[in-house]
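The values are calculated or read from the model by the stated rules, or taken from the named source; none is laboratory data. Predicted model, so just to flag it, every value in this text is computed and none were measured. Here the Cβ positions follow ideal geometry from the backbone for every residue, glycine too, while neighbour counts run over all protein chains shown.
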Amino acid sequence: MDNLTVQESTPSAGKSLRFKLAFIGLASIDFVFQFDATALGVALPTIAKALNGSTTLSLFASISYLLCVVVTTPIWTSTSDVLGRKPLLLVASAFFFAGSVVFAVAQDMPTLIVGRVLQGLGGGGINVLVETIVADMTTLKERSFWLGMMGIPIATGNVLGTPLGGVLAIADWRWLGWINLPFICIGFPLVMFFLRLRSVSKGDVLWLRARSLDWIGMLLSSGGITAVILAISCAGEIYAWNAWQTLLPLLLGVSVLILFVAYEKLPACPIVPHRIYRPRTAWVTLAGGFIQGMAMFSILQFLPLFYQSAALLSVLDMVVYFLPSAFAGIILSVASMLLVGPVGIGYRWFIWALWAIATLGTGMLALLGPGSSTGMLIGIPIVWSAGVTALRLLMLPLQASVKNIDDTNLAIGQLLTLRLLGGVFGQAIASSAFGTSFAASIRRLTELTGPLAPLNDSRNAIAFIPELRKLKATQDALFSVLAAYTDAFHMVIYIMTGLAGLGLLISLLTEELEMQKEELGSQRFEERPSS
């Protein structure tokens, strides 16, 4: 009874040093994945220039990582039930380590893409297995505390990846690869020596257990997701949205995914069991995760570009302006998790409030422009970051909705996959909206001449941003160009505000479910080897 009282008052009090060291190892590995997921975008123009990369190769360097993460996440999830979560996490970390080294030493774009593919293959495993292991190690009753603690490296990596990626690109872009290695070197041995999970062995030989995996489902989901991501990533960048090169893979991918959803009724161990979606709170939460990914990753992509274009900030100034937003997101993300669990406040009101803050904060970004004060440039993004980052809280109602504790890993995999897919769709929509709006604004101007002439082709808008602060152009011409960048940024904001508002409306259907369950996952943490 005394033990229970201590556990309820401080969830960390009943955990051993071994548990805490293993948790630190998991957090260290997860941080590098979250950081890397957002760091490359702002540095890509610098890398492409250094390696003489074409537009096509630059695009594939950008999307290869995210494509591999999204495609492999459900595969890592499913295979970890057979092969074990710990060994697969170590394998995923090794892939990520190797990919970081290849990236850092690359002398040409194809080699760099190989590095990004290896990082993506490992990142898919890190992304889902860390969250799944934390869920296995803890009861639902105490999980919000430990997810809150894990939210520190996750939120820090997500929010700081873009600005720090820009700084490292200025210093030496190869540091984007080297910086990952110390964190893997810390986390890998901690996980290897201190993370002891219950064995998944059921007396069957490995190949017999492997036969139970949903191999056809893996093939269908991988093929469908790959076709869709390639189509929407190339749309507007290489091919027009209405070109057959865009529509054919898009329609083919959607068709395969529909077939995949229908097929998942058949296997004994599907990678996406339909039972996960039956509870109302589950599908509401998964839809919310998709929308959160759209709103978060698209703004993370374009807000730094706004700082450098319309506000004419240097990369270093951008980082300074962005840091308060990063810390606000981290603080609220952790605080919301802690208040739901140990303090005992229900999650539903928190989710509603966070969606409201995210919607308000996204809309307020449209107030920013070339003449915005320092206070506005720093303060307004804080509201957006606090709301959208803290929506990691969606992990709790999804896990509470799972009827069978051993389905928790599949539910987590679905949420993480949909959040990343939302990010892909959000960035594609945002890029298209930005390009369309910028082109329309430029067409309304008299033809640009001199150093501004490259902007007559709107496809140069992003690549030209580093040149804006160096231009020797008339004040009127420069102001017109900055207004075009601002209008394009605002178009992205209007779309994402509408999507965030949709997320708020959908969240009203969330149910307050029981959070006091004390079951542990099948691969639970063990202080001593099982006999």
* In the set ALA262, ALA210, ALA227, ALA171, which member is over 30 Å from LEU83 (Cα atoms) and not hydroxyl-bearing (Ser, Thr, Tyr)? -> ALA171
* Structure fact -> Counting only residues that are touching a residue at least 60 places away in the same chain (Cβ under 8 Å), crowded, with 18+ Cβ neighbours inside 10 Å and part of a loop (DSSP other than H, G, I, E, B), the stretch 239-287 contains a total of 4
* To do: Take ALA440 and decide whether it is in a helix (DSSP H, G or I), out of contact with any helix residue (DSSP H, G or I) (no Cβ under 7 Å at 6 or more places or on another chain) and small (Gly, Ala, Ser).
  => yes
* Give the number of residues within the stretch 294-312 that are in contact with a Leu (Cβ under 6 Å, 6 or more places away or on another chain) and assigned to a helix (DSSP H, G or I). => 3
* Residue check for LEU181: modelled with pLDDT of 80 or more, of a type in the set (A, V, I, L, M), out of contact with any Leu (no Cβ under 9 Å at 6 or more places or on another chain) and in a helix (DSSP H, G or I) -> yes
* To do: Kindly check whether there is at least one residue in the stretch 195-212 that is crowded, with 21+ Cβ neighbours inside 10 Å and either part of a helix (DSSP H, G or I) or in contact with a His (Cβ under 8 Å, 6 or more places away or on another chain) (or both).
  => no
* **Residue among ALA335, ALA358 that is assigned to a helix (DSSP H, G or I) and either of a type in the set (Lys, Arg) or at pLDDT below 90 (or both)** => ALA335
* To do: Would you check which residues across the stretch 98-113 are farther than 20 Å from THR56 by Cβ and crowded, with 21+ Cβ neighbours inside 10 Å and list them?
  => GLY99, SER100
* Would you please name the residue that is nearest to GLU142 (Cα to Cα), looking only at residues in the stretch 16-62 that are among the basic types (Lys, Arg) and modelled with pLDDT of 85 or more? => LYS20
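Given the options LEU190, LEU160, LEU181, LEU164, name the one that is on the phi < 0 side of the Ramachandran plot, in contact (Cβ under 8 Å) with a residue 24 or more places away in the chain and more than 21 Å from the chain's Cα centre (by Cα). Don't jump to the end; show me each part of the working.
Numbers: LEU160 fails: more than 21 Å from the chain's Cα centre (by Cα); LEU181 fails: more than 21 Å from the chain's Cα centre (by Cα); LEU164 fails: more than 21 Å from the chain's Cα centre (by Cα).
So the residue among LEU190, LEU160, LEU181, LEU164 that is on the phi < 0 side of the Ramachandran plot, in contact (Cβ under 8 Å) with a residue 24 or more places away in the chain and more than 21 Å from the chain's Cα centre (by Cα) is LEU190.
Regarding the stretch 342-349, can at least one residue be identified that is over 22 Å from GLY148 (Cα atoms) and in a helix (DSSP H, G or I)?
No; the residues of the stretch 342-349 include none that is over 22 Å from GLY148 (Cα atoms) and in a helix (DSSP H, G or I).
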* Asked: Can you pull out the residues in the stretch 73-98 that are among the aromatic types (Phe, Trp, Tyr) and modelled with pLDDT under 95?
  -> TRP76
* Asked: Mind checking whether some residue in the stretch 384-393 is closer than 20 Å to THR77 by Cα and either touching a residue at least 40 places away in the same chain (Cβ under 8 Å) or of a type in the set (Lys, Arg) (or both)?
  -> yes
